[in-house]
């Protein structure tokens, strides 16, 4: 701790501190989702924050590569830079010589590396979940951070569509437990290819799909706006009409059975049959999500009654592990957008009021002479498994009440000479400061053992 | 996912992947310690992994600064480097221009920053715990990583020595719950200053203390070896004798009362009196820990019956927040050395055998035709809150058994056409493959609801 410079401290941009109350709420979200993952047989793994840049680079497109945080090599990192590389002052070239590590950008590429490297020690199908921070050098803005959490569950190495059913059940159960009302939209990427075939659209498929993906964006003016763009792209009015007829088919599942290639129809139906009576799950042929990545089922989850983008999403992808020379393995996974789920729950006031990290009881010694006695009372409660605290701070009532409020402590007991003599304690509701009765220690333990359980 | 290069993947040095079974064990340690922290009124906080380098630099000495991981600025980081800084090829100077962020080195400096920045929103005394990864560009070796977890609990803004008592109780309770037999050594930094005074040692105090800190190091040959060094340092034989008499005093507490400045004696006694009958807590005047950092009580915890350095340590320090211009606040805190505690528990086989992230039951469909039925049975168990899985992988028995073993799943049920017809399920002990009886779903739910609870 030598050479202490006094500076006014600040956070690096796009990063956050979390107050105890915020951590309690975030843990409520994490713990709820984790318990559902575990019930379905998903196991938690962990991978390092730091990965070799060769593991990360080239996996997220050119834009993604720019957003990777790169870590300077240790020691004299200029030592081995060839002179010409140095003279150019070309930062892109120099980076290859002075940084070989970076911070993970998501949990998916590390998963691929993990599966290839640990294959022998993993059960297959490998059902894992992973919750942890990722880092992106994005421009920070409301709701977008440079350091944020991802929360993923994936099944690697099973093509069974029952995985899709299970993952949908996990979405339903997790959001129900969180108290968030959601609509889960699903689609199958193969279906849109079929619909383009039926509509006789053979060219510019990617451009068409990209446009269809904008159907729910206000700024594209819905179907009318997209239709104009499609025609501008060279589609005939008749093809455009057929296309929208397919997409708008009232009875989507009947349409699939009648019109679409049987293999695709079978695939969609084998999943959708489980949700025929489930109003929260919609099959939506206009859902395009993750165009160049997903190869089968895709999900997108939105919270009802709040203006916010998707709060969860996922899909099936092929060849996850191929990028690291692993054997071809199909994967399917879902993500929970933790940061947005937090915002939705705040906005709709969905966090249980009882969420707090605080203990049940605060004991306040009225003077220093009774502190040791007070401590022993608190310790008796703790020995009985009951969370309790002794207040060892400023003696001003005002400070004590701030403490109680900041920590959401429900009950308090003040200790003075009388209490030391009698060992009878006056219990107060700490928030309202109302007297709730007098108890000896045995009675207090009995009372709060019940509350705790 | 464009331009996929196939590379043989590897980890960045000094980092680790964790398998599900390892995560389960680490979570057991974390959860156990967290529950004790919470019971004592400590609240969890979180700070970002990325901090400004100006926050981190100069806090850990010159050696520490070298071990900070520095993050390259985004975009063209060479743009604003003055030409002369660039031509020098002096990496230390260049670093100031191309890296303004780094990875946190510990959880203590971020705590100081956090307290100063969030002061208005925190309860005081502020009792927080924090468990999370930190990063150091140390040379990796057995048990030493570049990315590893720290686990700290601190009280900021209270000089009461009852905090010391509470933190010692936390150590006792946490290690008891973990099943690790420990010896907790305590000392007070002020005491050694008094002992030097009593021994008439007025010069070279720091050198003397540094030597005394080596008393338990084999390579320094104990008291004999240290005595020689002290004499070499210029101490008289008589001063050295007095010094060792003080340190070796059989009845340490009596010695304190008789010989030492009353203020210090009072301080030590006010803590030690709570542990007079506690054989796991020893007051040891030779414990020097954290020489230039701690200003009062210090702790060091070792596991009994295993050759390993300290597995936990802590102390009282003054002026934590001063480095960031905060008002003077005394702090006291303890750390758990998570990585070493893990190693000790592995070596002594202390992890409960029931630790696993796996579900209770695996249902194995014998053929694809019964998968949907099997899924519904599994779902019925999950709806009753019971963790269960359907096996959707390779049909080979061998693969199924590997799955069961890897995930430590205790029970299994195979489903074929007969089970679909009868809805009666033959339950097997999955590890031993013994039949345990036949059950309908209601009976299964009843059986495992009990097990779960």
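Of all residues in the stretch B:292-325 being more than 21 Å from the chain's Cα centre (by Cα) and surrounded by fewer than 20 Cβ atoms within 10 Å (Cβ to Cβ), which is nearest to residue B:212 (Cα to Cα)?
B:292
Got a number for residues in the stretch A:106-137 being in contact with a strand residue (DSSP E or B) (Cβ under 6 Å, 6 or more places away or on another chain) and assigned to a loop (DSSP other than H, G, I, E, B)?
3
Would you mind finding the one in A:41, A:14 that is touching a strand residue (DSSP E or B) at 6+ places or on another chain (Cβ under 9 Å), at positive phi, modelled with pLDDT of 95 or more and at the interface with chain B (Cβ under 7 Å from one of its Cβ atoms)?
Every option except A:41 fails the conditions.
When you scan the stretch B:296-311, do you find a residue that is closer than 10 Å to residue B:189 by Cα, in the same structural domain as residue B:209 (by TED's automatic domain parsing), part of a loop (DSSP other than H, G, I, E, B) and in contact with a helix residue (DSSP H, G or I) (Cβ under 8 Å, 6 or more places away or on another chain), even just one?
Yes, some residue in the stretch B:296-311 is closer than 10 Å to residue B:189 by Cα, in the same structural domain as residue B:209 (by TED's automatic domain parsing), part of a loop (DSSP other than H, G, I, E, B) and in contact with a helix residue (DSSP H, G or I) (Cβ under 8 Å, 6 or more places away or on another chain).
When residue A:191 is evaluated against the numbered criteria (1) free of Cβ contacts under 8 Å to residues at least 40 places away in the same chain; (2) not in a loop (DSSP other than H, G, I, E, B), which criterion, by number, is the only one it fails?
Every listed condition holds for residue A:191 apart from (1).
I'd like the residue in the stretch A:57-77 that is more than 15 Å from residue B:66 (Cα to Cα) and within 7 Å of chain B (Cβ to nearest Cβ) and, out of all such residues, is surrounded by the fewest Cβ atoms within 10 Å (Cβ to Cβ).
Out of the qualifying residues, it is A:61.
Quickly run through the stretch A:351-368 and pick out the residues that are in contact (Cβ under 8 Å) with a residue 40 or more places away in the chain and closer than 22 Å to residue B:156 by Cα.
Result: A:356, A:357, A:358, A:359, A:360, A:361, A:362, A:363, A:364, A:365, A:366, A:367.
Given the residues B:391, B:336, which is the only one that is touching a strand residue (DSSP E or B) at 6+ places or on another chain (Cβ under 6 Å), surrounded by 15 or more Cβ atoms within 10 Å (Cβ to Cβ) and outside the structural domain of residue B:149 (by TED's automatic domain parsing)?
It is B:391.
For the list (1) in contact (Cβ under 8 Å) with a residue 60 or more places away in the chain; (2) under 24 Å from the mean Cα position of the chain (by Cα); (3) in a loop (DSSP other than H, G, I, E, B), I need the number of the one condition that residue A:282 fails.
Status for residue A:282: all satisfied but (3).
When the stretch B:136-160 is examined, which residues are found to be over 30 Å from residue A:368 (Cβ atoms), more than 15 Å from the chain's Cα centre (by Cα) and facing chain A (nearest Cβ under 9 Å)?
Correct list: B:137 only.
Restricting to the stretch B:95-111, name every residue that is crowded, with 21+ Cβ neighbours inside 10 Å and more than 8 Å from every other protein chain (Cβ to nearest Cβ).
B:102, B:104, B:105, B:107, B:108, B:109, B:110, B:111
The values are calculated or read from the model by the stated rules, or taken from the named source; none is laboratory data. Everything numeric in this text was worked out from a predicted model, so none of it was measured. For neighbour counting, all protein chains shown are included, and Cβ atoms are generated from backbone atoms with ideal geometry for every residue, glycine included.
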